[in-house]
Amino acid sequence: MNSLELLSKIALLSVNTNNFDYQMNNILKIIGEYTNVSRTYIFINNEDNTLSKNEFEWCNENIIPQIDNLQNLDYTKVPSIKYKLEKEGIIFSDDINKLPKDIINILSPQKIKSILIFPLYINKKIKGFVGYDECIENRNWKEADINLLATISSFISNLYTSFYYSKKIEEDKLYFQNFFNSITDYIFIGNMKGDIIYANKSAIKTFEYSKNILFSMNIIDLYPINKRDAAKQILNTLPDRKTKSCPLEIINKSNKIIPVETRFWLGKWNNEDCIFGLSKDLTKEQEALEKFTKVFKNNPALMALCNMDDKRFIDVNTSFLEKLGYSYQEIIGKTSTELNLFPQAMKHKETANKLAKTGNIKNIELKVRCKDGSFLYGLFSGEIIESQNKQYYLTLMIDISEKKIIEQQLEELSKKDTLTNIYNRRYIFDQLELYLNNFIKTNQIFSITIMDIDFFKNINDTYGHIVGDYVLIEFTKFISKYLKTNQILGRYGGEEFIIISNGESKLDSNKQIYDILSKINQKTFIIKSHKIKFTFSAGISDTLFFNKDTITVEKLINNADERLYKAKKTGRNKISIN
């Protein structure tokens with residue numbers, strides 16, 4: 001299994017299961033078996049970062065587990081660990097006796113000979129570390145292994161951040177359930193048939209039924225017999241997605257008539273379509289309004305209330321102001337367009353139109369611009385509400401910026417070659433398909449250049465594969481300095497690289513590549529104290545060589561490959577375009 005397969009296996013594991021403990025234990029197992037180290041583990045700090053706990057551990061055969069003995073690692077006793085992770089971003093040594101004394105004192109009893117540790121970041125802060133121990137013999141950590149394990153440790157950091165984000169979502173869900181139970185208004189939820197599946201404490205107390213009996217009833221059963229047909233008519237109109245107000249009184253188990261106004265709307269509860277009902281005792285209308293205002297202001301989600309006619313803000317909550325960086329006076333009376341809040345103007349317009357047309361929106365993702373120019377990603381829900389015969393838009397946004405950052409990091413990671421950090425073969429082929437489709441539609445030409453480092457095997461045989469890897473890295477850095485904005489560089493495989501030059505023919509590319517080759521011939525690379533000179537051969541193809549009706553990416557690649565082979569066969573250190 002190569003490093004790319006290892007990363008793919010770990011990535012698939014993170015996608016195929018939501019069991020975080022299972023993910024972490026198996027990631028450590030996969031890494032441990034791949035690197036054949038003695039032990040891999042994850043430590044997580046406490047709230048004030050003074051102690052660290054060994055949360056996960058994998059041990060190789062005949063290696064004694066240490067997890068039970070390392071539940072309270074005190075940083076005051078081993079300050080060097082914290083210092084080196086914060087200042088140097090890594091702790092590694094083929095011989096632990098070369099490390100600071102306080103680290104030696106804690107590693108020696110575990111019979112550790114060599115160690116490699118990376119910081120674990122959660123929400124951009126160091127909250128622990130990922131470690132790799134060798135207890136059998138002193139291990140000379142290879143540069144490629146260090147880079148690979150650094151990438152995996154960063155991936156683990158992203159998984160932890162995502163895990164804590166998901167945990168926060170669950171806490172928010174519990175918060176809203178607790179909120180429902182804390183208010184005195186009567187909240188009940190029914191499935192799409194009207195069968196009651198949830199009611200808050202206030203409703204249960206007022207209706208006087210036990211939970212078992214109440215949850216076997218239908219919403220219609222809450223109304224007096226002579227009012228049930230009218231209540232059915234109101235509920236039957238809910239599928240048009242508009243909030244419905246029901247002025248009918250309800251009746252409890254003791255046959256007490258309770259004057260209420262009930263508002264019905266459709267939503268989701270536990271990911272199932274359902275009917276929400278909120279009944280307000282009309283004698284306490286003002287008290288209920290005060291409670292709503294309090295919840296609105298203190299809600300951790302961003303909430304806003306706008307006039308339906310001119311779409312101007314009439315109220316926003318504290319979270320809205322704190323997250324976006326505005327004062328209350330800067331928001332009230334303005335529209336989102338005037339404040340330039342939504343950079344995705346078309347998508348925002350479509351969302352607003354949907355809210356106006358259907359009466360509610362659920363979980364629509366929108367990008368939001370803060371006052372300082374930075375951006376947040378929000379998950380928007382909203383509905384049209386009525387008060388004193390006037391309609392308003394009530395919107396709620398959950399900040400999912402951290403989740404989006406993690407997704408973008410994973411997407412970017414999937415495009416890059418792990419050694420050279422340039423684009424990988426799969427991404428290059430995806431781009432070639434896009435350029436080819438554009439050429440067929442618009443006649444926009446492009447060329448591809450495939451380059452191969454001459455006698456690269458000799459470099460590996462003479463200096464070793466680690467130096468060979470550095471040659472590949474330095475080669476990509478060198479080429480990247482001379483690339484233009486219309487060009488993409490990728491690793492084609494091994495010591496072969498590919499450049500896509502949009503809008504250029506093979507003649508245009510030939511001039512540039514010849515200039516790079518000339519510079520390479522004059523360049524001596526200093527790698528690991530070795531002075532190394534090398535050249536490359538190249539083959540160039542472009543879309544002008546082919547018939548539009550028969551051209552394919554494979555044909556373009558094969559054509560450039562044939563010319564590369566010709567350049568190598570006729571002496572190397574040259575470029576072939578014919």
nm² value of the averaged projected area, convex hull over the Cα atoms of the range 341-398
4.3
Assigned charges on the beta-carbon of Lys, Arg, Asp, Glu; the range 3-164 dipole about Cα centre (debye):
320
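Specify, per residue and in Å³, the volume enclosed by the convex hull of the alpha carbon atoms belonging to the range 183-294.
It is 105 Å³ per residue.
What is the dipole size for the chain, taken about its Cα centre, with +1 at each Lys and Arg Cβ and -1 at each Asp and Glu Cβ, in debye to the nearest 20?
Values: 79 positive and 71 negative charges, 200 e Å.
Using only the charged Cβ atoms, the result is roughly 960 debye.
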Taking the Cα centre of the chain as the origin and placing charges on Cβ (Lys, Arg +1; Asp, Glu -1), which of Phe546, Ile250, Leu394 is farthest toward the positive end of the dipole?
Phe546
Taking the Cα centre of the range 349-462 as origin and charging only Cβ (+1 Lys, Arg; -1 Asp, Glu), how large is the dipole, in debye to the nearest 20?
580
Give me the three principal axis extents of the range 416-576 from the C-alpha atoms, as integers in angstrom, largest value leading.
51, 32, 24
To the nearest Å, what is the center-to-center distance of the range 551-578 and the range 417-462, using C-alpha atoms only?
13
Cα-based Debye curve of the range 267-404 sampled at q = 0.17, 0.18 Å⁻¹ gives log₁₀ I(q)/I(0) of -1.02, -1.15
At q = 0.13, 0.19 Å⁻¹, what log₁₀ I(q)/I(0) does a Debye calculation on the Cα points of the range 362-496 give, no solvent, two decimals?
-0.81, -1.12
Using helices alone, what [θ] at 222 nm do you get for the chain, with -39,500 (n - 2.57) per DSSP H run of 4 or more residues, divided over all residues and rounded to the nearest 500?
-13000 deg cm²/dmol
Between Ile258 and Tyr165, what is the spin-label point distance in nm, taking each point 7 Å from the Cα along the Cα→C-beta axis?
4.1
Against the 2.2 N^0.38 Å scaling, with N counting residues, where does the range 378-433 land? I'd like the Cα-based Rg ratio to two decimal places.
2.08
Farthest towards the positive end of the dipole of the chain, among Ile332, Leu379, Leu70 and with Cβ unit charges of +1 on Lys and Arg and -1 on Asp and Glu, lies the Cα of Ile332
For the chain, the fraction of alpha-carbon pairs in successive 20 Å shells from zero, as %
16, 33, 33, 16, 2, 0
With N set to the number of residues, divide the alpha-carbon radius of gyration of the range 3-164 by 2.2 N^0.38 Å and report two decimals.
0.97
Could I have the simple spin-label model distance between Ala356 and Ile64, label points 7 Å from Cα toward Cβ, reported in nm to one decimal?
7.4
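Readers should treat all values here as calculations from the given coordinates under stated rules, not as data from a laboratory. Note that the coordinates shown come from a computational prediction; the quantities given were computed from them, not determined experimentally. Because the Cβ atoms are built from the backbone with ideal geometry, glycine has one as well, and the counts that use them run over all protein chains shown.
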